[in-house]
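**Q** Please find one structure pasted underneath; my questions will follow.
The values are calculated or read from the model by the stated rules, or taken from the named source; none is laboratory data. Keep in mind that this is a model prediction, so the values were computed, not measured. All Cβ positions, even for glycine, are placed from backbone atoms using ideal geometry, and neighbour counts span all protein chains on display.
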Amino acid sequence: MAAPRKHSLELRERAVRMYRTSAPKPQIKKPALDLGVDSEALRGWIRQAEADAGERDDRLTTDERAELAALRRENT
């Protein structure tokens, strides 16, 4: 069973949107501090959003992760 999430999905989406729409791109520490979240958490959310948007190929998308989890459950 997964651990409960510390931050709501709404906060995550807002934080990623804030970062992605800023120009020029700020250091991740600044928006993370403004929102009261850890900078590494924000960095991970941004990377995942980029993967979901097809901008990165070095990590699984959210849909691929869900599919992989379902297949693993099916095989156990």
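**Q** Considering the stretch 21-37 alone, what residues qualify as being under 24 Å from ASP58 (Cβ atoms) and loosely packed, with under 14 Cβ neighbours inside 10 Å?
**A** Those that are under 24 Å from ASP58 (Cβ atoms) and loosely packed, with under 14 Cβ neighbours inside 10 Å: THR21, SER22, PRO24, LYS25, PRO26, GLN27, LYS29.
**Q** Which of the following residues is under 20 Å from SER8 (Cα atoms), among the aliphatic types (A, V, I, L, M) and modelled with pLDDT under 95: ALA41, ALA32, ALA49? Before you say what the answer is, go through the steps one by one.
**A** Values: ALA41 fails: modelled with pLDDT under 95; ALA49 fails: modelled with pLDDT under 95.
Just a single option satisfies the conditions, and that option is ALA32.
**Q** Related question: Would you mind telling me which numbered condition in (1) small (Gly, Ala, Ser); (2) in contact with a helix residue (DSSP H, G or I) (Cβ under 7 Å, 6 or more places away or on another chain); (3) more than 17 Å from LEU9 (Cβ to Cβ) ALA23 fails?
**A** Just one mismatch for ALA23, condition (2).
**Q** Grab the helices (runs of 4 or more DSSP H) fully contained in the chain, keeping just those with 1 or more residues being among the polar types (S, T, N, Q), out of contact with any His (no Cβ under 6 Å at 6 or more places or on another chain) and free of Cβ contacts under 8 Å to residues at least 24 places away in the same chain.
**A** 9-21, 39-52, 62-75
**Q** Of all residues in the stretch 14-70, count the ones that are among the basic types (Lys, Arg) and in contact with an Asp or Glu (Cβ under 7 Å, 6 or more places away or on another chain).
**A** Residues in the stretch 14-70 being among the basic types (Lys, Arg) and in contact with an Asp or Glu (Cβ under 7 Å, 6 or more places away or on another chain): 1 in total.
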